[in-house]
Amino acid sequence: MDNLTLKLRGMSCASCASSIEQAIKSVPGVIECSVNFGMEQAAIQYDSKQTNLAAIQSAVDAAGYEALPLQEMAAAEDDAEQADRKSESQNLQRKLWTAGIVSILLLVGGIPAMTGLHLPFIPAWLHNFWLQLVLTSPVQFWCGKSFYVGAWKSLKRRVATMDTLIALGTSAAYFYSVFVTFFPGFFTAQGLTPSVYYEVAASVVALILLGKTLENRAKGETSEAIRKLMGLQAKTARIVRNGEELEVAIAQVEIGDIVQVRPGEQIPVDGEVIEGSSTVDEAMVTGESLAVKKQLGDEVIGATINKTGSFKFRATRVGKDTFLAQIVKMVQDAQGSKAPIQKLADQVTGWFVPAVIAVALATFVIWFNATGNFTLATVTMVEVLIIACPCALGLATPTAVMVGTGKGAENGILIKGADSLELAQKIQVIVLDKTGTLTEGKPTVTDFVTVKGTADSNELKLLQLAASVERNSEHPVGEAVVRYAQSQEVNLTDVRDFEAVAGSGVRGIVGGKSIALGTLRWMQELGCDTEYLELRARALEVSSKTVVWMAVEGKIEAIMGIADALKPSSAQAVKALQKLGLEVAMLTGDNRSTAESIAQSVGITRVFAEVRPDQKAAQIQALQREGKIVAMVGDGINDAPALALADVGIAIGTGTDVAIAASDITLISGDLQGIVTAIQLSRATMRNIRENLFFAFIYNIAGIPIAAGILYPIFGWLLNPIIAGGAMAFSSLSVVTNALRLRNFKVKSVA
């Protein structure tokens, strides 16, 4: 299964998005398709054995639109596309100014007729029907050309869109006025005063164009986060090749190149320091305000700023593989995804326009039959067509998701999709892994206790055996043992038959002796007598230390106390999560005494201890069976199954790529306060979406009956078609503007 993201052109409303989605889904081999009207993108999953890009583009083209592959990490649009967009914008501006000026003239000229007042400063010739026809025609057919083109395309596909409504509404007003202009006697013969609605046709076109201009500008602001991230990318890099220092474009940097970075310069790509040292400001990608010390062997991230020193590094990731590019891709995917709450709006927009046309025709028939007044029936029909707005429904969710996910990226929180963003606000239980999540993930050996009086009681000899075996382990505890041995200047030896037993420990043969290091439970399973050191082990556990038991030839020879410092933010984050109304639990493979001691220090009361890696997912399932919405927070490979199974998986960005890939949300900096921020952001975004949907539904539910004249029998009042056009134009703008309020999101203190 392959994934593809297309940039779409030619959409005018949510109904267009629905049409494109249906067209793409009809292509054999397409598994899933989601069209985002706000982003003007289509996210597609397809089987490359059955279809390809060309076939999908052909389907979009047949539907009357254009689709282009979305370029990853393009610093800017290519020159041709940029020129097209600029030309399109200028053309829209020209049409808006033309329609606006004509509308003002027609409205001023129509004041005497609309109010019955004779105003001397308004020349009579402005209300001349023939002059109004001449002024309105260019507005109707040049300024409003896109509506006719869109309506015609829709008609050929046997669907209806917002263009259909606008074309029908303005055409009804325009051609009715043309009929009055050419045949005024038809009305005078019936004792009626001939009236024209040229100002309605022109004003509606002008207002729709104004709304579209403002909407496009506002929608552009919702993508600000992506532009900011792309703007972080360096344009050039200073590399050393064949002993010569060269300045090259960023696209020319290759993996393995040696890159020179001076104080104050931007680090161009990801790499590993091979010479020199410095401090680096990583705030733009991690959200951390303090500069980070970098020295030999440390990883550096492209787009971060070198502060004080000068150093060289070897490029390890370039182009779309860099950390920044992956962030941009994740944010783009999230912004292009659909939240489950959008499904209702999608269902409504599918039948919205045909339903509105039906209501408009019914309005005409009812009023004409009831009053015999053709003008009244026509005006109310036009008002219904003009006021209805499917765009507000289509924009309600995606614009808020775009801003919300972008705001998350600014705060060092990467949200994989809109469904994750929506579900995060429903979380009831947060399960925190201990090592690397609550703790720093950099354990150190603090105690080394041996059994005195045995042949192997020599501490350095035992340490050599232990560290030699642990050197083959990827577990943080194994790294701690090796670091401790190196600090004691112990030389390590080769190991045979090394084996890592998940959740238990490691073993191997060193110098002909069988060595095993692991948990108390495992030692007892191996038949080792642990009684002699159990009292000392309990004392270490009570002081929040992990105890590693060591057996030589099946006999316990030593224990090690290993401490892993809590992150400074852990206790505060746990308290904040609890104040948000969430239950917080801790999950660890540590023994219960150590686990409960650590949990108590951060304020956690529910602890799952002595849980093997293969049992972590089962613990998540057990909580879900209680009817809880569960989030899992972890950083290691062994956390990946639990992260994937949880309703919301949250990975610590400082952890493994496997954990990050399995998660729904990634905290780039590793600070647990990011969980609090993510949940508050989710709640703020969903609140914004509900506000948008409420407004969009209420606007149409209330606006359409008013436009149909429901108040006329009671108050004798009809909605002016110009007001209807203005309301329609600004309904979409108000939804986008409301979504933009999320840009002011700030983390609320819950301490």
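A few comments on the model shown:
- Looking at Gln22, Gln45, just one residue is modelled with pLDDT of 80 or more, open to solvent by 40 Å² or more (accessible area, probe 1.4 Å) and part of a helix (DSSP H, G or I), and that residue is Gln22.
- Test for Phe141: is it under 41 Å from the mean Cα position of the chain (by Cα), modelled with pLDDT of 75 or more and within 20 Å of Thr170 (Cα to Cα): yes
- So Pro398, is it in contact with a Cys (Cβ under 9 Å, 6 or more places away or on another chain) and in contact (Cβ under 8 Å) with a residue 60 or more places away in the chain: no
- Close pairs from segment 349-376: first under 28 Å from Pro194 (Cα atoms), partner in a helix (DSSP H, G or I) and at pLDDT 90 or above, Cβ under 6 Å, at least 6 apart: Leu376/Trp367
- When Pro568 is tested against (1) outside any loop (DSSP other than H, G, I, E, B); (2) under 14 Å from Leu438 (Cα atoms); (3) free of Cβ contacts under 8 Å to residues at least 60 places away in the same chain, only condition (1) is not met.
- Restricting segment 499-518 to residues that are touching a residue at least 24 places away in the same chain (Cβ under 8 Å) and either open to solvent by 70 Å² or more (accessible area, probe 1.4 Å) or over 17 Å from Leu463 (Cα atoms) (or both), the residue that is farthest from the chain's Cα centre (by Cα) is Gly511.
- Of all residues in segment 363-382 being at pLDDT 90 or above and closer than 12 Å to Ala707 by Cα, the one that is most open to solvent (accessible area, probe 1.4 Å): Phe364
- Pairs are defined by a Cβ separation below 6 Å, a sequence spacing of at least 6 or placement on different chains, a first member in segment 294-307 that is in contact (Cβ under 8 Å) with a residue 24 or more places away in the chain and on the phi < 0 side of the Ramachandran plot, and a second member that is open to solvent by 10 Å² or more (accessible area, probe 1.4 Å) and of a type in the set (A, V, I, L, M); the pairs so defined are Lys307/Ala291.
- Residue selected from segment 443-477 under the condition in a loop (DSSP other than H, G, I, E, B) and in contact with a Gly (Cβ under 8 Å, 6 or more places away or on another chain), by the criterion least open to solvent (accessible area, probe 1.4 Å): Asn472
- Residue list for segment 251-274, filter: more than 15 Å from Asn306 (Cβ to Cβ) and either modelled with pLDDT under 85 or among the polar types (S, T, N, Q) (or both): Ala251, Gln252
- Considering each residue of segment 130-138 in turn, at least one proves to be touching a helix residue (DSSP H, G or I) at 6+ places or on another chain (Cβ under 8 Å), within 23 Å of Ala360 (Cβ to Cβ) and modelled with pLDDT of 85 or more.
- Helices (runs of 4 or more DSSP H) wholly inside segment 577-658 that include at least 1 residues being open to solvent by 10 Å² or more (accessible area, probe 1.4 Å) and of a type in the set (Lys, Arg): 592-602, 613-625
The values are calculated or read from the model by the stated rules, or taken from the named source; none is laboratory data. The structure presented is a predicted model; accordingly, all values stated were derived computationally and were not measured. Cβ atoms come from the backbone with ideal geometry, glycine included; neighbour counts cover every protein chain shown. To get the accessible areas, we keep the full protein, side chains included, count just its heavy atoms, and leave off ligands, DNA and RNA. Shrake-Rupley method; radii C 1.70, N 1.55, O 1.52, S 1.80 Å.
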